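The values are calculated or read from the model by the stated rules, or taken from the named source; none is laboratory data. Values in this document were obtained by computation on a predicted structure and should not be read as measured data. Note that we place each Cβ from the backbone using ideal geometry, even for glycine, and neighbour counts take in every protein chain shown. Note: areas computed on protein heavy atoms with side chains; ligands, DNA, RNA excluded. Shrake-Rupley method; radii C 1.70, N 1.55, O 1.52, S 1.80 Å.
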Amino acid sequence: MDFFSEYIVKRKKSAKEFMLIAAMVLGAILLIFILLAFARYLASFLLLFIAAVFYFLYIGITSMNIEYEYIVTNGDLDIDKIVSQRKRTKIISVHARSFEYFAPLTSEHKNAYEDSSITKRFDLTSNTGSDNVYFAVYYKNNDKILFTFEPTKKMIDDFARYVPRRVFYTK
């Protein structure tokens, strides 16, 4: 019997992303004023340039809409990043047997989370401060990789089925 579970998490924008959006809007306004200052030289292309500014502003702002899709199939975890529901990129693909450590992000497992030998870190959470944040550590191509994510109870149970000694969680 196959075990399949999927879950989509929408990432909440942080203050840094809101500042970037504000900077993009201010930059677009400044660029439009510069285009208007050179209107007589641009002549019939002025509206085309202004439309291009608005188009790139739209693309820039909507590219801040990020979702993560977690898919677990028989212990295989695939995490995809979906940008503005138009572009999908595979971030992580790993089997639960490869996990060196899997636990909730609590003070009890702080030493494993803050290990200095970890070379890559991925934050694949909703950025909301949820209590359901877990982290996993595994090796790939001589890199020790840590990622945080928000699995469902069904996903955690599936991981525990494959590596019961390396999965730490409370039932």
Scanning segment 35-85 for residues that are open to solvent by 50 Å² or more (accessible area, probe 1.4 Å), within 28 Å of E17 (Cα to Cα) and either part of a strand (DSSP E or B) or hydroxyl-bearing (S, T, Y) (or both) gives Y55, Y58, K81
Mind telling me which of the residues R97, R88, R121 ends up being over 14 Å from the mean Cα position of the chain (by Cα) and open to solvent by 40 Å² or more (accessible area, probe 1.4 Å)? R97
Going through segment 1-54 one residue at a time, which ones are small (G, A, S) and within 30 Å of D158 (Cβ to Cβ)? S5
Selection within segment 1-34 - open to solvent by 50 Å² or more (accessible area, probe 1.4 Å), part of a loop (DSSP other than H, G, I, E, B), out of contact with any strand residue (DSSP E or B) (no Cβ under 8 Å at 6 or more places or on another chain) and in contact (Cβ under 8 Å) with a residue 12 or more places away in the chain: K12, K13
Hits in segment 127-166 (condition: assigned to a loop (DSSP other than H, G, I, E, B) and of a type in the set (K, R)): R165, R166
Using beta carbons and a limit of 6 Å, which pairs, at least six apart or on different chains, have the first residue in segment 42-64 and among the aromatic types (F, W, Y) and the second one open to solvent by less than 70 Å² (accessible area, probe 1.4 Å)? F49/L35
Every residue from segment 39-59 that is at pLDDT 90 or above and out of contact with any Leu (no Cβ under 7 Å at 6 or more places or on another chain): F45, L47, L48, A51, A52, F54, Y55, F56, L57, Y58, I59
Just the residues that are more than 12 Å from F122 (Cβ to Cβ) and touching a Phe, Trp or Tyr at 6+ places or on another chain (Cβ under 7 Å), please, taken from segment 81-101. A96, R97, S98, F99, E100
